[in-house]
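Take a look at the structure set out below.
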Amino acid sequence: MKNLIAISAVAAGLAAAPAAFAVQPTALPDTGTLTKAPAGSTVTIASKDQFGTKYMNYYSVNEDGSLEFVFQEGIGD
C-alpha cells in the first residue's frame with residue numbers, strides 16, 4: 001500500500017512538471033492599449049525574467065486596443 005501511494009505521488013509530480021515551464025509570468029511585460037495597431041493583428045514584445053532569460057511574447061490586439069496574451073517562447077543566447 002505504501003508503494004502505491006509513493007508511485008502515485010511521483011506520477012502526479014511528473015504530470016505537473018510541464019506546467020511549471022509553460023509560461024513564465026515574471027517575463028510578461030505590463031501592457032497598455034494600442035491606438036495605431038489594427039484589431040486582430042499580432043504584436044511581439046521582447047522581455048527578460050529576473051534571471052536574465054530572454055523571451056519573445058506574442059499578443060493579439062483586441063477591438064479596444066488592449067492586448068491579449070497568445071504565446072511565449074524562450075530566446076536562446
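Just so it is clear, none of the values below were taken in a lab; they were calculated from the coordinates. These numbers come from a predicted model, not from an experiment. Counting neighbours? That spans all protein chains shown, and the Cβs are built from the backbone with ideal geometry, glycine included.
If the chain between E63 and S41 were fully stretched, how many nm would it gain, using 0.36 nm times the residue separation less the Cα-Cα distance? Could you put the intermediate results ahead of the total?
Numbers: separation 22, 0.36 × 22 = 7.92 nm, distance 1.01 nm.
Extra length available between E63 and S41 comes to 6.9 nm.
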Please list, in order, the residues from region 34-60 whose amide nitrogen is less than 18 Å from a point placed 7 Å along the Cα→Cβ vector of E73. 42-49, 53-60
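Which order, highest average first, do 63-74, 35-46 follow once you tally other Cβ atoms within 10 Å for each residue and take the mean per peptide?
Numbers: 63-74: 12.5, 35-46: 10.6.
Highest to lowest by the protection proxy: 63-74, 35-46.
Normalised by the number of residues in region 38-77, what is the relative contact order in percent for Cα pairs under 8 Å and 6+ residues apart?
Working: 73 pairs, mean separation 14.8, N = 40.
Relative contact order here is 37 percent.
In units of 2.2 N^0.38 Å, what is the alpha-carbon radius of gyration of region 24-77? Write down the numbers at each step before the final one.
On the way: Rg = 11.7 Å, N = 54, 2.2 N^0.38 = 10.0 Å.
Ratio of Rg to 2.2 N^0.38 Å for region 24-77: 1.17.
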